[in-house]
Amino acid sequence: MLFKKEKIIISAGRPVPWKGFALLKEVVEELRAEGEKLRLVIATDLFQEQLWRQLQLADIFVLNSGYEGLSHQILEAMSFGLPVITTDVGGNPEVIKDGQNGLLVPYNDKDALKEKIKLLLNDENLAQRLGQNGRNSLEKFSRERMIKELSSLFNQVF
């Protein structure tokens, strides 16, 4: 059986300050200095298929964002069964239920972010459970359910 030499953390989004990529880079560098074998991939300008290839290779998805509506990157990471760490801002808490299908941290909280990454690096069972629960929880975002709920809403209004 082959074992990966390093764990891959991926993040994705536009290269804007509120995505928190700078702090994520700093946290990963600190973890490397502590002996963790990590590679950080920050996907900012990839075509969809390229991003999907990167998600397939990754071990953890992190989105340290100070502003989010409904993050498609989180949904995509969940569809690949990745454990997700993200901030408790905007629409993120509607998608991620802390400890159930992912982990939530305050925006740009270096200590909390580092702690949650270390937790997933050191508890493979938790990482797998969060990833599987994340994939399972995507049903509420299915096209069929959205159409059904919109149709129901329109029927109530009109």
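The values are calculated or read from the model by the stated rules, or taken from the named source; none is laboratory data. On a predicted model such as this, the values are computed, not experimentally measured, just so you know. We place every Cβ from the backbone using ideal geometry, glycine too, and count neighbours over all the protein chains shown.
Of the residues Gly90, Gly81, Gly69, the single one that is over 12 Å from the mean Cα position of the chain (by Cα), at positive phi, assigned to a loop (DSSP other than H, G, I, E, B) and not aromatic (Phe, Trp, Tyr) is Gly90.
Which residues, taken from the stretch 45-66, are part of a loop (DSSP other than H, G, I, E, B) and surrounded by 13 or more Cβ atoms within 10 Å (Cβ to Cβ)? Give the steps one after another, and end with the answer.
Taking the stretch 45-66 and keeping what is part of a loop (DSSP other than H, G, I, E, B), we get 45-47, 58-59, 64-66.
Scanning the stretch 45-66 gives Leu46, Ala58, Asp59, Asn64, Ser65, Gly66.
Could you please let me know if Leu120 is within 23 Å of Lys25 (Cβ to Cβ) and touching a Pro at 6+ places or on another chain (Cβ under 9 Å)?
Working: within 23 Å of Lys25 (Cβ to Cβ): yes; touching a Pro at 6+ places or on another chain (Cβ under 9 Å): yes.
Spelling it out, Leu120 is indeed within 23 Å of Lys25 (Cβ to Cβ) and touching a Pro at 6+ places or on another chain (Cβ under 9 Å).
Listed residues Leu153, Leu130, Leu138, Leu104; which is modelled with pLDDT of 95 or more, among the aliphatic types (A, V, I, L, M) and in a helix (DSSP H, G or I)? So that I can check it myself, show each step before the final result.
Working: Leu153 fails: modelled with pLDDT of 95 or more; Leu138 fails: modelled with pLDDT of 95 or more; Leu104 fails: in a helix (DSSP H, G or I).
The unique qualifying residue is Leu130.
Among the residues making up the stretch 107-123, those that are in contact (Cβ under 8 Å) with a residue 24 or more places away in the chain and either on the phi < 0 side of the Ramachandran plot or not in a loop (DSSP other than H, G, I, E, B) (or both) are Tyr107, Lys110, Leu113, Lys114, Lys116, Ile117, Lys118, Leu120, Leu121. If you filter the stretch 17-44 down to residues that are among the acidic types (Asp, Glu) and without any contact (Cβ under 8 Å) to a residue 12 or more places away in the chain, you find that the one that is farthest from Val105 (Cα to Cα) is Glu34.
In the condition set (1) of a type outside the set (Ser, Thr, Tyr); (2) surrounded by 15 or more Cβ atoms within 10 Å (Cβ to Cβ); (3) closer than 24 Å to Asn133 by Cα, Leu70 is compliant with all but (2). Of the residues making up the stretch 1-24, those that are within 24 Å of Glu124 (Cβ to Cβ) and not acidic (Asp, Glu) are Met1, Leu2, Phe3, Lys4, Lys5, Lys7, Ile8, Ile9, Ile10, Ser11, Ala12, Leu24.
On the stretch given as the stretch 19-40, residues that are of a type in the set (Gly, Ala, Ser) and part of a helix (DSSP H, G or I) total 2.
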